[in-house]
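Data first, discussion second: the structure below is written as structure tokens.
Throughout, read-outs are computed from the coordinates displayed, never taken from laboratory work. What you are looking at is a predicted structure, and each value in this text was computed from that prediction instead of being measured. Glycine gets a Cβ as well: all are built from the backbone with ideal geometry, and neighbour counts include every protein chain shown.
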Amino acid sequence: MKVFSNECTFDYSWEEVSTANWRKYCPWNDKSTHVIAVDIVSRQVDPATGILRTERLITCKQTAPKWLAALMGGTETSHVLETSYVDPESKKVTMVSSNMTWSNILSVQETVVYQPLSGTQTQFVQDAKITALCGGWQKLKNAVEEATVTRFSENARKGKEGFEAVLEMSRRVFSEEKEKVQAQAQQKMVA
Amino acid sequence: MSASLAPECNEVKERYDSCFLKWYSEKYLRGKGTEDECASLFKDYKKCLTVALKERGIDQMLSEARADHKESDEIHMRRKCECLPAADC
């Protein structure tokens, strides 16, 4: 098993980050182009805790190294299931993801947590456990795990850059919306 | 917002997504979001998606993964009973 860990800070409030998180993979994000679709499989607010639980099916373009894809049996797309929990009371977003494609040979379990550091800063903590399940040959297992960790860290870097772009756009669109509403209200007052 | 894996579902998905985002940012995060206002839009989208998943042969794989994820609920939904034995939980 290999572990990939990553941590960073976004200079945006937790509310902004947790909202933008829903459109992380939209056209504003031109970095995470390996994600081609995001579908919502289920979503509900738990009446007892107020926690919003969402399951998303994420479809990615296959970006595994050629030798690995050949070994695993080539598919053009791969799927990930992400279950997220938003707790507005304790201001915490937790996302648990795992690979659906190739899951009998490779297990990738990722956990991401977004929590506020202050009113204007949000911390992102990412952990992934990568385990090759193919029996026997240790060298091969290591190579599969190494390749997956490498791809993971590349995507993590791109993911941050892309998400920053989404956050910036969200803030801009939100303030434009607000100005529009204010302008309309002023017009009404004048009239 | 992001596209659906099924292009035929994009339109209903977009309608649902915008409804959800508005509800999430304006109500849910402000503690006023108990009612699910987007339920009917979600139903339309889900209907389209369910067919698409079946057609593409992803439904089985998805339901297996969903069953595995149920295990995370205990940790992240605070489902484990933390209250007194007498309490109703």
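Below are the figures for this structure:
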{"read-out": "Degrees, to the nearest 10: A:138-190 long Cα axis against longest axis of chain A", "value": "10 degrees"}
{"read-out": "Neighbour cut-off at most 15 other Cβ (10 Å), DSSP loop, GluC sites (Glu not before Pro), the stretch A:18-110", "value": "A:Glu76, A:Glu89"}
{"read-out": "Shielding score for A:37-50, defined as the mean number of other chain Cβ atoms within 10 Å", "value": "6"}
{"read-out": "Per-pair calculated FRET efficiency, R0 = 30 Å: A:Gln138 and A:Lys61 via Cβ, rounded to 0.05", "value": "0.50"}
{"read-out": "Cross-link pairs beyond the 26 Å C-alpha cut-off, checked among A:Lys92/B:Lys22; A:Lys92/A:Lys141; A:Lys2/A:Lys66", "value": "A:Lys92/A:Lys141"}
{"read-out": "In degrees, nearest ten, helix B:59-76 long axis to first principal axis of chain B (Cα)", "value": "30 degrees"}
{"read-out": "Average Cα contact separation per residue, chain A, under 8 Å, 6 or more apart, as relative contact order %", "value": "27 percent"}
{"read-out": "Cβ-derived FRET efficiency at R0 25 Å, A:Lys158 paired with A:Leu71, nearest 0.05", "value": "0.55"}
{"read-out": "Mean residue ellipticity (222 nm) of chain A, computed from DSSP H runs ≥ 4 via -39,500 (n - 2.57), nearest 500", "value": "-12500 deg cm²/dmol"}
{"read-out": "Candidates A:Thr131, A:Thr75, A:Thr83: whichever shows maximal mean-square fluctuation once chain A is modelled as a Gaussian network with Cα springs under 10 Å", "value": "A:Thr75"}
{"read-out": "The stretch B:1-47: trypsin sites (Lys or Arg not before Pro) in DSSP coil with no more than 13 other Cβ atoms inside 10 Å", "value": "B:Lys32"}
{"read-out": "The stretch A:27-88 - convex hull of alpha carbons, volume per residue in Å³", "value": "116 Å³"}
{"read-out": "Number of partner chain Cβ atoms within 10 Å, mean per residue of B:70-76", "value": "5"}
{"read-out": "Two-site label geometry, B:Asp44 and A:Glu176: point separation in nm, points 7 Å out along Cα→Cβ", "value": "2.5 nm"}
{"read-out": "The protein assembly as shown - Rg over Rh from alpha carbon coordinates, Kirkwood radius", "value": "0.99"}
{"read-out": "Candidates B:Leu62, B:Leu29, B:Leu41: whichever shows maximal mean-square fluctuation once chain B is modelled as a Gaussian network with Cα springs under 10 Å", "value": "B:Leu29"}
{"read-out": "Radius, Kirkwood style, for the stretch B:7-76 when every pair of distinct Cα atoms is counted (Å)", "value": "14.0 Å"}
{"read-out": "Selected from A:Lys92, A:Lys61, A:Lys180 as most flexible by GNM, with chain A as the system and alpha-carbon contacts under 10 Å", "value": "A:Lys180"}
{"read-out": "Cα long-axis angle, helix B:39-55 against chain B (0 to 90 degrees, to the nearest 10)", "value": "60 degrees"}
